[in-house]
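Remarks on the structure that follows.
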Amino acid sequence: MNLVDTTQINVAETIIDFSIGQPDPDLLPLDIIQQASKHHFENNISPALLAYGAEPGSRQFRTLLADFLKHHYQTPVQADHILVTNGNSQGLDFMCTLFCQSGDTIFVEDPTYNLAIDIFTDHQLNVVGIPIDKEGLIIEALEEKLKRHRPKFIYTIPTFHNPSGVTLSGKRREKLVELSQKNKFLIVADEVYHLLSFNTTPPVPLGSFIRSETVISLGTFSKILAPGLRLGWIQAGSSIIKQLISTGLLKSGGGSNPFTSAIIGSVLELGLLDKYLDHIRKVYQQRSTTLHASLKEHLPDLNLPCESEGGYFYWLHFPDQINVQKLLKIAQQLEVNFKPGIDFSCSRKSENYARLCYAFYNEEKLITGVKRLAKAFTIFRKES
Ligand SMILES: Cc1ncc(COP(=O)(O)O)c(C=O)c1O
């Protein structure tokens, strides 16, 4: 009997849905989980695995994770500065619970990750958007907004941003940290795509600035291994980790996911994630190149952004006169879907953009999807 009720996604096989921002099920590493589980149970038979876990997560796992991050970030990372979560969504929810009350203001990039807006809405926060450009968050715009608001935190996706794909420059990272110290707000950095760089090395993660005590970095295995693991981490200074440990949620339930983290500890110990990361980086880079080339060929009138340098997404900008919602309706009739830009904006801006994800489909399907999109565009032009 198949007891697995598959995935959040409910899309007919015939549709190419560029709006899905998840790993391709064909790339999910069942073999790695099998190998790591076997290794774990052959070497560590202890019922402690099935007990409530220590609030920050097991020391053994946090040490393995800290070593992994140190190697990939090329900056020091300590186990004591890590707390295990069940993913960045939970990490974000923690931030709201711990640092905000209903009605408080927070800043986000505009556009930002659409489902983060939902989490902030759950907590009844006042969400204020700060515009971005090719180098990420515009610092001058942030300074302007700081004259009128006192945000509890700013939520940023500094590297390979969702949805725009841009990366916050090194200089702006430093300036942002400086401003957070001067104006006493926290920076919640969602570094979900940091390890998915193709050719370039992004600036050091904001996790490297936790000494400032204003920076909190959220990381997750969802996009570098598998979202069904529900495993992630918060990297922060000692006083913030202490506050997290004392939340009712962790006091009552113990640390998040002790069982899963034990298995993923073996993945890290055996070096399986390093190899897998190399593999998916290559696959995603190839898919991104194919998507870009195909858009160039089939939608030559569009002013395309450069090819993506990492992460999952491509941010298409349509000319002002194009009504993207109308185009989307035509596209859906042709069995291709995308996420309209307006969904990512807390101020209902970005209406002339569309987010395409290149991670979920293989190259053949990406090309089919672009051809359908081009057909939709031709029909739209004729009808307008
Ligand atoms: C920017 C961003 N943050 C968080 C998440 C969700 O992360 P998790 O699965 O770790 O909850 C996603 C998933 O698409 C994302 O793009």
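The values are calculated or read from the model by the stated rules, or taken from the named source; none is laboratory data. Since the structure is predicted, the reported quantities are computational estimates derived from the model, not experimental observations. Ideal geometry is used to build each Cβ from the backbone, glycine not excepted, and the neighbour counts take in all protein chains shown.
Quick look at the numbers
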read-out: Any chance LEU146 is modelled with pLDDT of 95 or more, within 15 Å of the ligand (Cβ to nearest atom) and surrounded by fewer than 24 Cβ atoms within 10 Å (Cβ to Cβ); value: no
read-out: Cross-chain or 6+ apart pairs with Cβ under 8 Å, the stretch 20-46 first and modelled with pLDDT of 95 or more and among the small types (Gly, Ala, Ser), then part of a helix (DSSP H, G or I) and surrounded by 13 or more Cβ atoms within 10 Å (Cβ to Cβ); value: ALA36/ILE263; ALA36/ILE264; ALA36/SER266; ALA36/VAL267; ALA36/LEU272; SER37/ILE263; SER37/SER266
read-out: Long-range neighbours under 6 Å by Cβ, at least six apart or interchain, first residue closer than 22 Å to ILE241 by Cα and modelled with pLDDT of 95 or more within the stretch 174-202, second within 16 Å of the ligand (Cβ to nearest atom) and among the aromatic types (Phe, Trp, Tyr); value: PHE185/PHE153; LEU186/PHE153; VAL188/PHE153; VAL188/TYR155
read-out: Residue list for the stretch 178-209, restricted to those being part of a helix (DSSP H, G or I) and touching a strand residue (DSSP E or B) at 6+ places or on another chain (Cβ under 6 Å); value: SER180, LEU206, GLY207, PHE209
read-out: Number of the exception - ALA262 against (1) of a type in the set (Gly, Ala, Ser); (2) outside the structural domain of VAL166 (by TED's automatic domain parsing); (3) at pLDDT 95 or above; value: (2)
read-out: Residue that is farthest from ASP110 (Cα to Cα), among those in the stretch 126-170 that are out of contact with any strand residue (DSSP E or B) (no Cβ under 8 Å at 6 or more places or on another chain) and of a type outside the set (D, E, K, R); value: GLY170
read-out: Those residues of the stretch 229-250 which are surrounded by 17 or more Cβ atoms within 10 Å (Cβ to Cβ) and farther than 15 Å from VAL192 by Cα, in sequence order; value: ALA236, GLY237, ILE240, ILE241, LEU244, LEU250
read-out: Flag if THR121 is within 16 Å of the ligand (Cβ to nearest atom), surrounded by fewer than 22 Cβ atoms within 10 Å (Cβ to Cβ) and free of Cβ contacts under 8 Å to residues at least 24 places away in the same chain; value: yes
read-out: Residue check, GLN90 in contact (Cβ under 8 Å) with a residue 40 or more places away in the chain, more than 20 Å from ALA226 (Cα to Cα) and part of a helix (DSSP H, G or I); value: no
read-out: Leading residue by the ranking (farthest from the chain's Cα centre (by Cα)) among those in the stretch 210-244 that are farther than 17 Å from SER256 by Cα and within 11 Å of the ligand (Cβ to nearest atom); value: LEU225
read-out: Residue list for the stretch 341-384, filter: touching a strand residue (DSSP E or B) at 6+ places or on another chain (Cβ under 8 Å), at pLDDT 95 or above and surrounded by fewer than 17 Cβ atoms within 10 Å (Cβ to Cβ); value: LYS365, THR368
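Quick grid of which residues meet (1) closer than 27 Å to VAL283 by Cα; (2) part of a loop (DSSP other than H, G, I, E, B); (3) in contact with a Pro (Cβ under 7 Å, 6 or more places away or on another chain):
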position	(1), (2), (3)
LEU316	yes, no, no
GLN325	no, no, yes
LYS349	no, yes, no
ALA354	yes, no, yes
LYS365	yes, no, no
ALA374	yes, no, no
